[in-house]
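In what follows, a single structure is set out as structure tokens and then discussed.
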Amino acid sequence: MSHEGIRISSPEEMAREAEAEHPLPRIAITPEKVRVLITEGKGLEIDWADGHRSAWNFAWLRNACPCATCVDERKQQGRKTGQPKAKSAELLPMYTPPSKPASAHAVGRYALQFNWQDGHSGGIYSWEYLRRVCQCRECTFAAEETAGAPN
């Protein structure tokens, strides 16, 4: 008897996956204006065609990298998207500079790709992915409600 394909998921994980399968309207994933604020060291800001505005800092974006390696690492460590790695318990921890991309460029008409100063560049941040992980109050509140978190 094979157990392939059997997976145990938490209610939160099942809610996130169900939400990810729900298609977003085209207007919600069409950016009108994209600002990558590398010089200022701030982050990414997007004004969407439906009037919504999203903003992320670079540290959050680096910790939310959508490449397969980073997604797998987050799952193994039990971290949520955008959640930083646990600090090591060393006596004298090494200094780690704040996450900042060396550059960013468009990938076709559907995504952005960052070349991070730590050498990582595998993640392609699609407009849909970015809209789904919007960090504004409205979106984070809606995400908590769908996951069944208490008010």
key: Output for region 42-60, where each listed residue is of a type outside the set (Gly, Ala, Ser) and either at pLDDT below 95 or more than 30 Å from Ile8 (Cβ to Cβ) (or both)   = Lys42, Leu44, Glu45, Ile46, Asp47, Trp48, Asp50, His52, Arg53, Trp56, Asn57, Phe58
key: Conditions (1) surrounded by fewer than 11 Cβ atoms within 10 Å (Cβ to Cβ); (2) modelled with pLDDT of 95 or more: number failed by Ala102   = (1)
query = Mind checking which residues of region 1-41 are at pLDDT 90 or above and either part of a helix (DSSP H, G or I) or among the acidic types (Asp, Glu) (or both)?
reply = Arg26, Ile27, Ala28, Ile29, Glu32, Glu40
ask   = So which residues in region 53-70 are surrounded by 11 or more Cβ atoms within 10 Å (Cβ to Cβ) and farther than 17 Å from Leu112 by Cβ?
value = Thr69
note = Restricting attention to region 115-138, the residues that are part of a loop (DSSP other than H, G, I, E, B) and more than 19 Å from Glu21 (Cα to Cα) number exactly 9
request  = Could you tell me whether region 59-74 includes any residue that is assigned to a loop (DSSP other than H, G, I, E, B), more than 12 Å from the chain's Cα centre (by Cα) and either in contact (Cβ under 8 Å) with a residue 40 or more places away in the chain or more than 26 Å from Ala28 (Cα to Cα) (or both)?
outcome  = no
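The values are calculated or read from the model by the stated rules, or taken from the named source; none is laboratory data. This one's a predicted model, so the numbers in the text were calculated from it and none came from an experiment. In this analysis, Cβ positions are derived from the backbone assuming ideal geometry, glycine residues included, and neighbour counts consider all displayed protein chains.
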